[in-house]
Amino acid sequence: MTDATVRAKLLGLPGSLRSNSNSLAVLRGLQDTLPAGLSMDIRDLRLPLYDQDIDTPDAPAEVQAFRQAIAEADGVVIVTPEYNYGMPGVLKNALDWASRPYGKSALNGKPVLVISNSPAFTGGVRAHQQVNDTLLAIPAKLIGGAQVVIGTVGEKIRDGKLADEAVLKFALGAIDKVVAAAGK
């Protein structure tokens, strides 16, 4: 797909650093099934720990690139696991970096969809809520409606990608809302 044929550009953020994480598999499955005209880049969240002392105009290069990727995206899709009844520290750290500078965050008003997943049947609902709360504080444009929560996620992944047709269809419907919220 060339830039001329891309109607909306999404940024996918997996809430796990593991190379074969379920969150990354969900994003890969979505990436492969996006309708024509949509693209999604997936970005790793390996960033330094948030430290206001280094959050200056000369912030670390990886932080600047992360913020730029968010700014250039029409919408963001966050897929998070649940760790100990909450969101992973790596995701919270990334959202803290993305939320700055205060009042001028690249996420300010940006359409964001949160998808949670878990090996448990609950699908990571507690992490989902924590991510939503953080996004509302930024304030991102949180996509409303039925939450995309993927329980027993391991049973829905094949060859490193989300393969469950019903879950993909439901999640793609939510991605349509992201695109609409972006005005695309």
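The values are calculated or read from the model by the stated rules, or taken from the named source; none is laboratory data. Computed from a prediction, not measured in an experiment: that's the story for all the values here. Methodologically, a virtual Cβ is constructed for each residue, glycine included, from the backbone with ideal geometry; neighbour enumeration extends over all protein chains shown. Each accessible area value is taken on the protein alone, full model and side chains, heavy atoms only, with ligands, DNA and RNA left out. Shrake-Rupley method; radii C 1.70, N 1.55, O 1.52, S 1.80 Å.
Of all residues in region 12-48, those satisfying the criterion of being more than 21 Å from Asn132 (Cα to Cα), of a type outside the set (D, E, K, R), outside any helix (DSSP H, G or I) and open to solvent by 40 Å² or more (accessible area, probe 1.4 Å) are Ser19, Asn20, Pro35, Ala36. If you go through region 120-162 and pick out every residue that is buried (at least 16 other Cβ atoms within 10 Å of the Cβ), small (Gly, Ala, Ser) and either farther than 19 Å from Leu107 by Cβ or modelled with pLDDT under 95 (or both), you end up with 3. Note on region 82-184: enclosed helices (runs of 4 or more DSSP H) holding 1 or more residues that are without any contact (Cβ under 8 Å) to a residue 24 or more places away in the chain, farther than 30 Å from Pro57 by Cβ and among the small types (Gly, Ala, Ser) are 165-181.
Here Ala69 fulfils each of the conditions (1) surrounded by 18 or more Cβ atoms within 10 Å (Cβ to Cβ); (2) touching a strand residue (DSSP E or B) at 6+ places or on another chain (Cβ under 7 Å) apart from (1).
When each of Ala174, Ala182, Ala127 is tested for being closer than 29 Å to Ala36 by Cα and in contact with an Asp or Glu (Cβ under 6 Å, 6 or more places away or on another chain), the lone residue that passes is Ala182. Scanning region 49-63 for residues that are assigned to a helix (DSSP H, G or I), closer than 16 Å to Lys104 by Cα and open to solvent by less than 70 Å² (accessible area, probe 1.4 Å) gives a single hit, Val63. Ala106 - would you say it is open to solvent by less than 50 Å² (accessible area, probe 1.4 Å), modelled with pLDDT under 95 and under 20 Å from Ile42 (Cα atoms)? For Ala106, the condition - open to solvent by less than 50 Å² (accessible area, probe 1.4 Å), modelled with pLDDT under 95 and under 20 Å from Ile42 (Cα atoms) - is met.
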